[in-house]
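Novice: My questions will all concern the structure given below.
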Amino acid sequence: MPEWFTALWENGTVQVIVRSLLAVVIGAVIGGERPRHGRAAGPRTHILVCLGAAATSMTSMFVNTVLGANGDVFRISAQVISGIGFLGAGVIILKNNSTITGLTTAAGVWATGAIGVALGYGFYTGAIVVSILLLLTMVLFARFERRKVRTGCVYVEIDDMYRTNAILQEVQERMGENFNHQIQPPRSERQGHLGLLIFFDKKANFDCASLREIENVVYTIEE
């Protein structure tokens with residue numbers, strides 16, 4: 001092993017780089033699953049949470065082992081786990097027709113923070129195992145729940161955000177009362193456009209293609 005690598009390993013530089021990179025990778029992988037469901041907390045949010053949590057753990061260890069300061073090395077990390085709640089609250093508050101959404105995303109952000117703490121302390125096995133199980137839970141159970149409730153989803157993009165309420169009124173006339181909606185950024189990223197996720201009961205005999213007939217609706221796709 002080269003002397004320069006040995007020196008970097010002994011002073012902890014390599015461990016810091018490895019743990020930080022793992023935090024970025026795991027945060028990106030977990031966060032990459034959320035935008036598929038139209039959630040705002042995507043890869044960037046999860047990367048920042050995981051990396052920041054890892055940094056707090058590494059800082060605690062540095063203060064204790066290098067600076068020689070006595071104290072509880074878990075105190076800072078413990079505040080991270082409880083402090084992530086403000087992010088979760090911002091996700092959960094979103095409501096669609098009195099339906100609370102975002103609970104899974106909020107729980108995922110909190111779990112990502114816990115994984116980051118584990119990475120910061122060098123608990124690689126636990127962090128990786130938990131990350132795999134977390135992804136399997138979010139992906140597999142999401143499919144199971146969709147099959148169970150038989151809920152359909154269609155993405156609708158409009159070119160005039162100021163007509164959102166009027167368009168939703170027309171959607172209601174076509175689909176009836178049994179639907180929910182979620183507003184999100186337009187996938188085309190065009191200025192003035194707005195995206196809508198329309199959730200409906202698949203048992204209802206409804207043709208999603210008919211939504212294209214509504215004025216200002218420029219794009220629809222059933223998901």
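Novice: Which count do you get for residues in the range 63-77 that are touching a helix residue (DSSP H, G or I) at 6+ places or on another chain (Cβ under 9 Å) and either basic (K, R) or at pLDDT 70 or above (or both)?
Specialist: 8
Novice: Mind checking whether some residue in the range 133-144 is under 18 Å from the mean Cα position of the chain (by Cα), in a loop (DSSP other than H, G, I, E, B) and modelled with pLDDT under 75?
Specialist: no
Novice: Please verify whether L48 is farther than 17 Å from L103 by Cα and at pLDDT 85 or above, treating the condition exactly as stated.
Specialist: No; evaluated as a whole, the condition is false for this residue.
Novice: How many residues are over 17 Å from M161 (Cβ atoms), exposed (fewer than 12 other Cβ atoms within 10 Å of the Cβ) and either of a type in the set (S, T, N, Q) or at pLDDT 80 or above (or both) when one looks only at the range 191-209?
Specialist: Counting residues in the range 191-209 that are over 17 Å from M161 (Cβ atoms), exposed (fewer than 12 other Cβ atoms within 10 Å of the Cβ) and either of a type in the set (S, T, N, Q) or at pLDDT 80 or above (or both) gives 1.
Novice: Only residues that are loosely packed, with under 15 Cβ neighbours inside 10 Å and not in a helix (DSSP H, G or I): list them for the range 164-190, please.
Specialist: Hits for the range 164-190 are G176, E177, N178, I183, P185, R187, S188, E189, R190.
Novice: Count, please, the residues in the range 88-131 that happen to be surrounded by 13 or more Cβ atoms within 10 Å (Cβ to Cβ) and at pLDDT below 70.
Specialist: 8
The values are calculated or read from the model by the stated rules, or taken from the named source; none is laboratory data. No experiment lies behind these values; they were computed from the predicted model shown. Cβ atoms come from the backbone with ideal geometry, glycine included; neighbour counts cover every protein chain shown.
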